[in-house]
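Below: one structure, written as structure tokens.
The values are calculated or read from the model by the stated rules, or taken from the named source; none is laboratory data. Keep in mind that this is a model prediction, so the values were computed, not measured. Glycine gets a Cβ as well: all are built from the backbone with ideal geometry, and neighbour counts include every protein chain shown. For accessibility, only protein heavy atoms count, side chains too; no ligands or nucleic acids. Shrake-Rupley method; radii C 1.70, N 1.55, O 1.52, S 1.80 Å.
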Amino acid sequence: MIPPPRHADHLAPGSPSPAASPSELGDDESWSRAPSAAELESNKNDLAEIRNDNVPASIPQKQKTSKAERRAIQEAQRAAKAAAKEAGLSGKSAGTGSGANPAMPKQAKSSKIFQKKDVPQAASTAASEKKVTERPSERDRKKDAPHPRMQFDDVHRVEKAKKRAIVNQSEARNRVELFRHLPQYVHGTQLPGLESKFFQLEPMHPSVYKVGLQYLSGEVSGGNGRCIAMLLAFQVAIKDYSTPPKKTLSRDLTAKISSYVSFLIECRPLSISMGNAIRFLKNRIAKLPLTLSESEAKASLQSDIDRFINEKIVVADKVIVSHAITKVRDNDVLLTYGSSSVVEMILDHAHELGRKFRVIVVDSRPKLEGQGLLRRLVEKGINCTYTHINAISYIMHEVTRVFLGASSILSNGTVYSRVGTASVAMVAHAFGIPVLVCCEAYKFHERVQLDSICANELGDPDVILKVPGKADLGHLKNLADNENLQLLNLTYDATPSDYVSMIITDYGMLPPTSVPVIVREYRKEQLWI
């Protein structure tokens, strides 16, 4: 039997080597039997000791610290660096003035070098903070009144906005806590103050001032109507503009437009379509060639505004009507909510073509916009039914298609429209009825919104207390200032894309999932012209 292999180091001092001949092994019978368990264990221990002797001692690893501990270390090192710097400056000044110990600046310098060697992260953090402090202040960068997305529950920012504001507004006292980040003012107090300041507003152009008053009074409403009124006011202001001495037209005119926009925001928050139009106008101002004279530059901007209104609103509505008319057939029952200008154009065109259909106009308080649409449709001879939104589930079984307007369509396919649109779309989806949303492409936005809380507009809370035409039903007449009552009048809501069957735009009919494609591809080709 061949003996098992054994390492030379494991042999006893007097043991023969494995290479010895059988005659040299003598009478040792340990090679002819299997090793016992005790021998195997001792061999393992000996092998482990040999390995530990040959391997050098491991380097002790640095103990892991938490994020808070690292932050505390950085703060301490930063404070030590600042103290060393101050000590070096004071030592230098003392040495130059009274011959103090010159070793103090060297000590501060050596401590600074030591800190740089040990803590490179702290140095980089301090450098980044230095860059931040060197940036111009917010007021210098953007001399503009509050941003439309400003958080109005920030007391300091609201106070700064009030100092720059032209419109004197008082905030509503009893507000819903969930919507405190949105502006809500006491209505009915702004117009008298603005009318008294008409001849005192030197930087404000009269056309812009007039549009702001129309926003406040509600005379101009609707996404397209407000956008067209604003652009026409800017067109008149550009026509009357003259560049001040020692200033360039592009920079000074952009600052003027920004001040006009700030005034309009104070009168009423901007819609998303108005924001896109303002972005287009500022982009055109920035791209004006420097070789153009002032009159030529002004004429170019005025023609750009006319082209935007014509192509992106007027012609776009006609294209939407030509697409949507294919979805209206004889004996259809069409439901619409509120009053949308493009939906009204679709219904008028279908009636002119001789289609036989019936329209159900769904309305809601407090604006009751559907009553104006109902009156115009009935005067044209269209068969109509009028109901409020609380009866939507009872009348939906008669409907074959739902046509809705939109204030904006966001990048995730969410439809941002007048409050109540989401309820109508969800009920129609539950009944299996297609929901068609008509919206111009200039209202598309890359923003993503999942709810109606983070961004919205709060209307006049007092109007929901009153019942029109019923003065004897004013049970809540004297409760508006009661601290136990909070009034909420939302203007918009967000409809998820799951409840929208198709979006009809001036680029064709597409599903909600194709909205980001339109925003991305057509913006590369100057979607806003």
query = Using r as the Cβ-Cβ distance of residue 466 and residue 430, and R0 as 35 Å, what FRET efficiency do you calculate, to the nearest 0.05?
reply = 0.60
task = Using 0.36 nm per residue of separation minus the Cα-Cα distance, give me the extension gain between residue 380 and residue 302 in nm, one decimal.
result = 24.5 nm
request  = Please sort 421-433, 287-299 by packing, taking for each peptide the average over its residues of neighbouring beta carbons within 10 angstrom, highest first.
outcome  = 421-433, 287-299
message = How large a share of the accessible area of the range 372-476, in percent, is made up of carbon and sulfur atoms when the probe is 1.4 Å and the other protein chains stay in place?
response = 58 percent
task = Could you provide, to the nearest whole Å², the per residue accessible area of the range 279-414 with probe 1.4 Å?
result = 45 Å²
ask   = For the pair residue 75 and residue 326, what calculated FRET efficiency results from E = 1/(1 + (r/R0)^6), where r is the Cβ-Cβ distance and R0 = 51 Å, to the nearest 0.05?
value = 0.15
note = Taking a label point 7 Å from the Cα of residue 368 along Cα-to-Cβ, the residues of the range 376-399 whose backbone nitrogen sits under 16 Å from it are 376, 386-390
task = Give the shape of the range 335-452 as rounded, prolate or oblate, defined through the alpha-carbon gyration tensor: a ≥ b ≥ c are the square roots of its eigenvalues, a/c under 1.5 means rounded, and otherwise the shape is prolate if a/b is larger than b/c and oblate if not.
result = prolate
task = With the full set of protein chains in place, find how many percent of the accessible area of the range 211-360 is carbon and sulfur; take the probe as 1.4 Å.
result = 53 percent
query = What FRET efficiency would be calculated for the residue pair residue 176, residue 87, taking the C-beta separation as r and a Förster radius of 60 Å, to the nearest 0.05?
reply = 0.65
inquiry  = Explain nothing, just the number: dipole magnitude of the range 249-395 about its Cα centre with +1 on each Lys and Arg Cβ and -1 on each Asp and Glu Cβ, in debye rounded to the nearest 20.
reply    = 220 debye
inquiry  = Give the residue list of trypsin sites (Lys or Arg not before Pro) in the range 411-462 that are DSSP loop and have at most 16 other beta-carbon atoms within 10 angstrom.
reply    = 447
key: Surface accessible to a 1.4 Å probe, residue 384 within the full protein complex, Å²   = 30 Å²
task = Calculate the spin-label point distance for residue 66 paired with residue 236, positioning each point 7 Å from the Cα along the beta-carbon direction, and give it in nanometres.
result = 6.4 nm
